[in-house]
1. How many of the residues making up region 98-107 are charged (D, E, K, R) and either in contact with a helix residue (DSSP H, G or I) (Cβ under 6 Å, 6 or more places away or on another chain) or without any contact (Cβ under 8 Å) to a residue 12 or more places away in the chain (or both)?
2. Does any residue of region 20-37 turn out to be assigned to a strand (DSSP E or B), in contact with an Asp or Glu (Cβ under 9 Å, 6 or more places away or on another chain), at pLDDT 90 or above and exposed (fewer than 15 other Cβ atoms within 10 Å of the Cβ)?
3. Pairs, please: C-beta under 8 Å, at least 6 apart or cross-chain, first residue part of a strand (DSSP E or B) and in region 359-373, second exposed (fewer than 14 other Cβ atoms within 10 Å of the Cβ)?
4. Just to be sure before I move on: is VAL144 touching a Leu at 6+ places or on another chain (Cβ under 8 Å), aliphatic (A, V, I, L, M) and closer than 18 Å to PHE209 by Cα in the structure I sent?
5. Filter region 230-264 for residues that are in a helix (DSSP H, G or I), crowded, with 19+ Cβ neighbours inside 10 Å and either among the aromatic types (Phe, Trp, Tyr) or touching a residue at least 24 places away in the same chain (Cβ under 8 Å) (or both) and give the result.
6. Quick check, is ASP177 at pLDDT 95 or above, among the charged types (D, E, K, R) and within 28 Å of ALA273 (Cα to Cα)?
7. Only one of SER107, SER173, SER123 is closer than 25 Å to TYR333 by Cβ and either surrounded by fewer than 21 Cβ atoms within 10 Å (Cβ to Cβ) or touching a Ser or Thr at 6+ places or on another chain (Cβ under 7 Å) (or both). Can you tell me which?
Amino acid sequence: MSVLDNSTRDNKQEMKMASIGFIGVGKLGQACAEMVAEVHDVVGYDVNPVEPENFTMVDAMEDAVRGQEIVFIAVPTPHDPQYDGKAPTSHLPNKDFDYTIVKDILSKVNAVATQEQLIVLISTVLPGTVRREFIPLMTNTRFVYNPYLIAMGTVKWDMVNPEMVMIGTEDGSETGDAKELVDFYKTIMQNDPNYVIGTWDECECIKVFYNTFISAKVSLVNMIQDVAEASGNINAEVVCDALANSDRRIMGPGYMKPGMGDGGACHPRDNIALRWMAENLGLGYDLFDAVMLSREKQAENMAERLLELASDFWPTGKSNIPSMPIVIVGKAYKPLVPYESGSSSMLVGHYIHAQGHPLYYYDEQTGDTPPEDVLDSPAVYLLAHNPGVTYGDQLDTVPNWYGEHNVTDCDEALSVKTGNGTELSFAEGSIVVDPWRKTPDINGVQVIHYGNTRGA
């Protein structure tokens, strides 16, 4: 799927087409390579070959390097699986990212690259890693650190409409390698982003703290939701909207909607890595641990509320159900993607599982559908996905990417559209918990706007 405008595509032949290599064409690299291939000649390599839309895959990594003017490296810097945020992580040992894959690739690239080529790493690393771990491996070529601020589900759009482009060089100079990369990006961008030129270390810092700022912001906003639930007479929307509009002292309206917890593969692991860094630098404090603990406690609070609702007697008109199963609508970490890493839905589910209560997920993207007998009987539903919140302003900018999906769309009787656009019907006597506070009244169903206790 292309998101470059027609003028860019029409002018493709008039531009100086560059030869570009991509090493690592997974869920991030493939989409980015396809966007670059709208304008330039691209070859890609991955240990797990893919079928790209518009560029050529090569069988040997060396062929993605030789003859290419710029080579992008988009390989993972993973934590162990237990650090992925689907379950509590705050109790785990502090740990840096694993740089094994990056170092192996850089060593192989260095063996065939030349000084005429520009090697660009976009993988997330901690401050100081490039200078300490990677540069000693890069003796034959030029190296730039260029991490992306891209979200799964909107990779292509984010690629050509970034908020900012971070370019890190040894001394932070705006000339030379940095200017070459800026000039390249100007051939594919649809917007006019802020180009931030700094040292390798500064760009490492911007990337990892960008994610952790969001994590902290989401945790603070969801704390307002918890306060509303615990104290009463508070609509979290009113409080958060007021704070969001205080742009003199509080950073903008983005992520100022209380709902589900912080999610995504990067955010939990970045906080873990920064815990490790803070400890090793001897800073004497650990804000990142507090952010992780709040994320987990907020998920536990929501789980306890769902269990409380499920355990209450709820009259159906025919009988009393002593306990209802819980169905979480949305298993992936955000709507319309299949990725479960960092899923706040699964973190809530962890605490429900711990109590031995019947739990099901409903998410077509992950292939999860409750049995028919569960869907046909009263249950407690958590509407975990809301694309209007999760994707922010981009939903208005690129609506065709997601379709007309909104949790507020309601049919006449016992159904709503999920965050993935699927119409879901509820059995009479069900309870629907909406942490986004958008679902209208549904006949025969109790709708609870989690985080709004005003008048409740």
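The values are calculated or read from the model by the stated rules, or taken from the named source; none is laboratory data. Note that the coordinates shown come from a computational prediction; the quantities given were computed from them, not determined experimentally. Quick reminder, even Gly has a Cβ in these numbers, built from the backbone with ideal geometry, and neighbours come from all protein chains shown.
1. 1
2. Among the residues of region 20-37, not one is assigned to a strand (DSSP E or B), in contact with an Asp or Glu (Cβ under 9 Å, 6 or more places away or on another chain), at pLDDT 90 or above and exposed (fewer than 15 other Cβ atoms within 10 Å of the Cβ), which makes the answer no.
3. Correct list of pairs: TYR360/PRO371.
4. On the way: touching a Leu at 6+ places or on another chain (Cβ under 8 Å): yes; aliphatic (A, V, I, L, M): yes; closer than 18 Å to PHE209 by Cα: no.
Against the criterion (touching a Leu at 6+ places or on another chain (Cβ under 8 Å), aliphatic (A, V, I, L, M) and closer than 18 Å to PHE209 by Cα), VAL144 does not qualify.
5. ALA236, GLU237
6. Values: at pLDDT 95 or above: yes; among the charged types (D, E, K, R): yes; within 28 Å of ALA273 (Cα to Cα): no.
Criteria not met by ASP177.
7. Residue meeting the stated conditions: SER123.
Table: residues versus (1) at pLDDT below 95; (2) under 30 Å from HIS353 (Cβ atoms); (3) not assigned by TED's automatic domain parsing to the domain that holds THR114.
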| residue | (1), (2), (3) |
| --- | --- |
| GLU53 | yes, no, no |
| VAL58 | no, no, no |
| GLU62 | no, no, no |
| VAL65 | no, no, no |
| GLU69 | no, no, no |
| ALA74 | no, no, no |
| PRO78 | yes, yes, no |
| ASP84 | yes, yes, no |
| THR89 | yes, yes, no |
